[in-house]
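The values are calculated or read from the model by the stated rules, or taken from the named source; none is laboratory data. Computed from a prediction, not measured in an experiment: that's the story for all the values here. Because the Cβ atoms are built from the backbone with ideal geometry, glycine has one as well, and the counts that use them run over all protein chains shown. The protein model used for the area step is the full one, side chains on, heavy atoms only, and it has no ligands, DNA or RNA in it. Shrake-Rupley method; radii C 1.70, N 1.55, O 1.52, S 1.80 Å.
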Amino acid sequence: MENLFLDNTTIEIHREIQRGNIHHVVFDFDGTISLIRDGWQNVMVPMMVEFLQTETDTTETPEQLEALVVEFVDRLTGKQTIYQMMQLGEEIEKRGGTPKEPLAYKDEYNRQLLPVVEERIAGLAAGKLSAEPLRVPMSLEFLQSLREMGINCYLASGTDVEFVKNEASLLGVAAYFDGGIFGALREYKKFSKAMVIQKIITDFSLSGDELLIIGDGYVEIENAKAVGAIAVGVASVEDNRYNMNADKRERLIRAGADIIISDFREGTQLIDYLFNF
């Protein structure tokens, strides 16, 4: 069907869905609920460019390397961070270098990102920063509505699980994920969003229209459509100097999103539509 807007809203409907049967909802975290790590690309990209310059004999310019890195970092966003680091290793190897283990690059990235994130986390923990501006607009209220309806909610993130649990708690949303909070593990093959989704389907013997996936990355949208679940893409605005995810909306649509929202400010209307009220 051609996309249309839900009456008097900016909510885009791209496919007809079976409404009224949802019992479980899986959320992505960064960019879907949390803005604590907003701007992470401004740390990852320069770090990777520097490694490509120092660990290879490439004759490419910094601008050429930046364009290369921006492309694959953007493309792999939504998967665990380790996959971006694995790609970095491959690019170093292609240029005659000997890459470190992907975990070493990931640890260095987390170390460099820490000051940015820690400042926000410390402000939240000390009560000097309000949680509201660091949440995607009205996401808390959306979670509250789902809880009142008795819907089981889960959090599944490509960020390390210990960070996700801490940041969800500081943002005041952790308690709403009664189904569990899941994130990346050092043994990366033991976690993926697809694995979380499959476990929920198996544990509760769900049909596709009983499960809703909400996220701002193409990965979770593709995962949703692979099992016939309903997919809501969140085309949230990210703060990075590379204009990455400028085509986020189009990418989510290509991945198969049934519905596109920019945030949860029209959450009441979205719930009314999804649950056929």
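State whether the residues of segment 63-72 include one that is out of contact with any Ser or Thr (no Cβ under 7 Å at 6 or more places or on another chain), part of a loop (DSSP other than H, G, I, E, B) and either within 25 Å of residue 107 (Cβ to Cβ) or at pLDDT 95 or above (or both). Checked against the condition, which is being out of contact with any Ser or Thr (no Cβ under 7 Å at 6 or more places or on another chain), part of a loop (DSSP other than H, G, I, E, B) and either within 25 Å of residue 107 (Cβ to Cβ) or at pLDDT 95 or above (or both), segment 63-72 yields no hits at all. A residue that is over 24 Å from residue 211 (Cα atoms) and either more than 19 Å from the chain's Cα centre (by Cα) or part of a loop (DSSP other than H, G, I, E, B) (or both) can be found somewhere in segment 155-171.
Do you know which residues across segment 33-45 are of a type outside the set (S, T, N, Q) and not in a loop (DSSP other than H, G, I, E, B)? So that I can check it myself, show each step before the final result.
Going residue by residue through segment 33-45, those that are of a type outside the set (S, T, N, Q) are 33, 35-40, 43-45.
Within segment 33-45, 43, 44, 45 qualify.
In segment 86-93, the condition of being within 22 Å of residue 217 (Cα to Cα), open to solvent by less than 20 Å² (accessible area, probe 1.4 Å) and modelled with pLDDT under 95 is met by no residue. Considering the conditions (1) in a helix (DSSP H, G or I); (2) crowded, with 22+ Cβ neighbours inside 10 Å, residue 198 is excluded by exactly one of them, (2). Do you know which of the residues in segment 94-115 that are in a helix (DSSP H, G or I) and open to solvent by 60 Å² or more (accessible area, probe 1.4 Å) is farthest from residue 39 (Cα to Cα)? It comes out as 94.
Taken as a whole, the structure leaves residue 242 outside the set of residues that are open to solvent by 40 Å² or more (accessible area, probe 1.4 Å), touching a residue at least 24 places away in the same chain (Cβ under 8 Å) and hydroxyl-bearing (Ser, Thr, Tyr).
Taken as a whole, segment 132-139 holds at least one residue that is of a type outside the set (S, T, N, Q), surrounded by 19 or more Cβ atoms within 10 Å (Cβ to Cβ), in contact (Cβ under 8 Å) with a residue 24 or more places away in the chain and assigned to a helix (DSSP H, G or I).
Among residues belonging to segment 261-270 that are more than 20 Å from residue 224 (Cβ to Cβ) and not in a loop (DSSP other than H, G, I, E, B), point out the one that is most open to solvent (accessible area, probe 1.4 Å). Give the steps one after another, and end with the answer.
In the first step, residues of segment 261-270 are kept if they are more than 20 Å from residue 224 (Cβ to Cβ); the result is 265-266, 268-269.
Those left that are additionally not in a loop (DSSP other than H, G, I, E, B): 268-269.
Numbers: 268: 95, 269: 72 Å².
My answer is 268.
Has segment 46-57 got at least one residue that is without any contact (Cβ under 8 Å) to a residue 24 or more places away in the chain, more than 30 Å from residue 235 (Cβ to Cβ), out of contact with any strand residue (DSSP E or B) (no Cβ under 9 Å at 6 or more places or on another chain) and not in a helix (DSSP H, G or I)? I'd like the intermediate steps shown before the answer.
If we filter segment 46-57 for residues that are without any contact (Cβ under 8 Å) to a residue 24 or more places away in the chain, which is where we start, we get 46, 49-50, 53-54.
Checking which are more than 30 Å from residue 235 (Cβ to Cβ) leaves us with 50, 53-54.
Pick out the ones that are also out of contact with any strand residue (DSSP E or B) (no Cβ under 9 Å at 6 or more places or on another chain) and you get 50, 53-54.
Narrowing further to those that are not in a helix (DSSP H, G or I): none.
Checked against the condition, which is being without any contact (Cβ under 8 Å) to a residue 24 or more places away in the chain, more than 30 Å from residue 235 (Cβ to Cβ), out of contact with any strand residue (DSSP E or B) (no Cβ under 9 Å at 6 or more places or on another chain) and not in a helix (DSSP H, G or I), segment 46-57 yields no hits at all.
Listed here are the residues, each with its yes/no results for (1) modelled with pLDDT of 95 or more; (2) touching a helix residue (DSSP H, G or I) at 6+ places or on another chain (Cβ under 9 Å); (3) open to solvent by 70 Å² or more (accessible area, probe 1.4 Å).
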| site | (1), (2), (3) |
| --- | --- |
| 163 | no, yes, no |
| 171 | yes, yes, no |
| 213 | yes, yes, no |
| 254 | no, yes, yes |
| 259 | yes, yes, no |
| 272 | yes, no, no |
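Pick out the one residue from 224, 229 that is of a type in the set (Gly, Ala, Ser), at pLDDT 95 or above and within 15 Å of the chain's Cα centre (by Cα). It would help to see each step written out before you state the result.
Numbers: 229 fails: within 15 Å of the chain's Cα centre (by Cα).
Among 224, 229, only 224 is of a type in the set (Gly, Ala, Ser), at pLDDT 95 or above and within 15 Å of the chain's Cα centre (by Cα).
Condition check for residue 129 on (1) open to solvent by 70 Å² or more (accessible area, probe 1.4 Å); (2) at pLDDT below 95; (3) assigned to a helix (DSSP H, G or I): one failure, at (3).
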